[in-house]
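The values are calculated or read from the model by the stated rules, or taken from the named source; none is laboratory data. Bear in mind that the values here come from a model prediction, so they are computed numbers and not experimental data. Positions of Cβ are backbone-derived with ideal geometry, glycine not excepted, and every protein chain shown enters the neighbour counts. Areas reflect the complete protein model, heavy atoms only, side chains present, ligands, DNA and RNA absent. Shrake-Rupley method; radii C 1.70, N 1.55, O 1.52, S 1.80 Å.
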Amino acid sequence: MNKQELNKLIGKNIKKYRLLYNTKNKDKITQAKLSEKLGVNVSLIGALESNNSTQGLSIYNLYQISKILNVRIDKFFEGVD
């Protein structure tokens with residue numbers, strides 16, 4: 001798996017777990033709310049989730065997302081061969 005494929009997989013899993021979080025919690029996390037909590041531009045989250053990003057996330061931001069969504073960080077790598 002190359003870097004671009006890994007970024008797409010992580011983005012897909014961020015979306016999956018963000019939407020799953022929203023089904024289980026009263027306080028919904030939108031792309032805008034997630035980006036605000038991370039201190040990044042909302043377009044980055046949107047691009048990651050739609051597989052249109054040419055850039056990835058820092059490990060720190062991925063860690064922060066895992067804490068916000070209450071998901072183990074390894075879950076974002078589901079689907080890696």
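Step through the table entries 3/26; 3/33; 3/37; 3/24; 12/37, compare each Cα-Cα distance with 23 Å, and write down the pairs that go over it. Mind showing how you got there, number by number?
On the way: 3/26 35 Å; 3/33 27 Å; 3/37 25 Å; 3/24 32 Å; 12/37 19 Å.
Violating the 23 Å limit, Cα to Cα: 3/26; 3/33; 3/37; 3/24.
Per residue, how much accessible area does the chain show when a 1.4 Å probe rolls over the protein heavy atoms, in square angstrom?
I get 64 Å² per residue for the chain.
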What FRET efficiency would be calculated for the residue pair residue 27, residue 74, taking the C-beta separation as r and a Förster radius of 22 Å, to the nearest 0.05?
0.35
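Looking at the chain, which trypsin sites (Lys or Arg not before Pro) are in a loop (DSSP not H, G, I, E or B) and have at most 11 other Cβ atoms within 10 Å? Don't jump to the answer; show the numbers that get you there.
Working: sites: 3, 8, 12, 15, 16, 18, 24, 26, 28, 33, 37, 67, 72, 75; in loops: 26, 28, 72.
Answer by residue number: 26, 28, 72.
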Surface share of carbon and sulfur [accessible, 1.4 angstrom probe, percent] for the range 1-74
50 percent
Charges on Cβ only, +1 for Lys and Arg, -1 for Asp and Glu, centred on the Cα centroid of the chain; of 76, 45, 17, which one is farthest towards the dipole's positive end?
17
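Once you have the Cα-Cα distance between residue 37 and residue 55, take 0.36 nm times their residue separation minus that, and quote the gain in nm to one decimal. Before the final figure, lay out each step's value.
Numbers: separation 18, 0.36 × 18 = 6.48 nm, distance 1.91 nm.
Length gained, residue 37 through residue 55: 4.6 nm.
With +1 on the Cβ of every Lys and Arg and -1 on the Cβ of every Asp and Glu, and nothing else charged, how large is the dipole of the chain about its Cα centre, in debye rounded to the nearest 20? Present the calculation step by step, with values, prior to reporting the outcome.
Details: 14 positive and 7 negative charges, 66 e Å.
Approximately 320 debye in magnitude.
Using just the helices of the chain, give the 222 nm mean residue ellipticity in deg cm²/dmol: DSSP H runs with n ≥ 4 each add -39,500 (n - 2.57), and the total is spread over all residues, rounded to 500.
Working: 4 runs with 49 residues, N = 81.
-19000 deg cm²/dmol, from helical runs alone.
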